[in-house]
1. Excluding residues fewer than 8 places away in the same chain, name every one of the aspartates and glutamates whose C-alpha is closer than 14 Å to that of LYS32.
2. Out of residues 5 or more away from PHE14 or on other chains, whose amide H comes under 5 Å of its own, with H placed 1.01 Å from N in the peptide plane?
3. Between their Cα atoms, which of LYS86/LYS172; LYS328/LYS364; LYS161/LYS373; LYS5/LYS155 are more than 27 Å away from each other?
4. Calculate the dipole size of the chain relative to its Cα centre from +1 charges on Lys and Arg beta carbons and -1 charges on Asp and Glu beta carbons; express the result in debye to the nearest 20.
5. Let me check I've understood the local charge: for VAL316, count other residues with C-beta under 15 angstrom from its C-beta, Lys and Arg +1, Asp and Glu -1. What total comes out?
6. Within the chain, what's the longest run with no GluC sites (Glu not before Pro) in a DSSP loop and at most 12 other beta-carbon atoms within 10 Å? Give the range, please.
7. State which helices in the chain qualify, where a helix is a whole DSSP H run, it must extend 24 Å or more along its own axis by its Cα atoms, and its mean Kyte-Doolittle hydropathy must be at least -1.0.
8. I need two numbers for the chain: Rg to one decimal and Dmax as a whole number, Cα atoms only, in Å.
Amino acid sequence: MFPFKYYAPTRVLFGRDTELRVAEMIQLFGGKKVLIHYGRGSVLRSGLMQRVTDTLEAAGIDYVMLGGAVPNPRLSLVYKGIELCKAEGVDFLLAVGGGSAIDSAKAIGYGVYNGGDVWDFYDRKRVAAGCLPLGVILTLSATGSEMSDSSVITKEEGLIKRGYSSDYGRAKFAIMNPELTMTLPDYQTACGCADIMMHTMERYFSGSGTMQLTDAIAEGLLRTVMENAEILLRDPNNYDARAEVMWAGSLSHNGLTGCGSDGGDWMTHKLEHELGGLYDVAHGAGLTAIWGSWARYVYRDCLPRFRKFAVNVMNVEPTGTDEAIALKGIEATETFFRRIHMPTNLRELGVNPTEAELADMARKCAMGVGGAKGSARLLHEADMLAIYRASL
Ligand code: NZQ
Ligand code: ZN
């Protein structure tokens, strides 16, 4: 077991109608002038935004609005948000939406607080000294950004998608009403479940450092998400299933499932970020398209963990060699992804990169991680290229 820091300062309000307490939360954290940041309109169409603005107006909280955060949120909108906040004297950010709106809001917060070019943080040139306070009303259970320290932004020039992590970016509060996710298309619900699983699996498949309790939490979380993802396929308005998935999403990425490990692997995410930057695919689908190829490439170097995962999460019979059990676990995971209509290769994802594009993604991925990364197995550029090729 490795020593660890666990820091999860976000105040969570979970359940029906909790969005009606947003003004109270903003006041609790001292917000006087709010930027409400959102995506391409789902929160307007669902009526959620009207409820939010009515609540703020009733409480006398001043606000400005900025929509337009797209999946794989863009740097240009972040710059626009920073200018708007400065011009309007904004002192609090409220993200209403999924990971993209939240991540874009975090980036705006870094930009306003620190000055200079906000991309420097994502480009590893500077470290943030703070962030404007941020609150979240979550509408998509997926990224865990509502409690995580991360923000992922895409720079249009060069289509570079990069993450930045800092405790300053953790939300002050997260409002989670599972009912708000019932308007999601089935595809986004499934992408979200895949992403939640992957945040847990990235931490689970670590080459060293484990903790019995952390493993038990992770395995329970994975089984819960799988069970409820299938319920939601048949019954998308099932409140309890929505609630299970929503809470799992937050716990999957707030650090809890990594306590005692070496930090985890994260290479499926890094490989996906290049796909998201170049082809603008949904994050969860990009992950499942890559995962099987990654797993088959690395499992021999992390055999005890793959075996344990196969038996405890995927219900594989513990008979035969460790290698055979591990491989059955990988197959069962891919079968599950297909059951929830997630792709298990790039073709199913709908992209068909040329050899030059694969090489370019591998080069950018290696550059983004500072040369090599991975805990299940350390991967260099040539390994990344091999995994991209295997996932075609
Ligand atoms: O833009 P709108 O109109 O709101 O529509 C969105 C978007 O089209 C829609 N949507 C969201 N809630 C809805 C809804 N539609 C109907 N009803 C609702 N209740 O869903 C689509 C996807 O939304 P988006 O926010 O892009 O999805 P997600 O939450 O999966 O976020 C993806 C982004 O987060 C990054 C990903 O890389 C990607 O850029 N990640 C962020 C992380 C973090 N900050 O900790 C960690 C993750 O690993 C991930 O990398
Ligand atoms: Zn993710």
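1. Of all the aspartates and glutamates, those that pass the test against LYS32 - Cα under 14 Å, at least 8 places apart if same chain - are GLU24, GLU57, ASP62, GLU88, ASP91.
2. For PHE14, the qualifying residues are MET176.
3. Pairs exceeding 27 Å: LYS328/LYS364; LYS5/LYS155.
4. That gives the chain a dipole magnitude of about 420 debye.
5. Value of the local net charge: -1.
6. Formally, the longest exposed-site-free interval is 158-392.
7. Qualifying helices: 186-204, 212-234, 322-339.
8. Over the chain's Cα set, Rg and Dmax evaluate to 20.2, 67 Å.
The values are calculated or read from the model by the stated rules, or taken from the named source; none is laboratory data. Predicted model, so just to flag it, every value in this text is computed and none were measured. Positions of Cβ are generated from backbone atoms using ideal geometry, with glycine treated the same way; all protein chains shown enter the neighbour counts. Ligands, DNA and RNA are stripped out before the accessible areas are found, and what is left, the full protein with its side chains, is counted by its heavy atoms. Shrake-Rupley method; radii C 1.70, N 1.55, O 1.52, S 1.80 Å.
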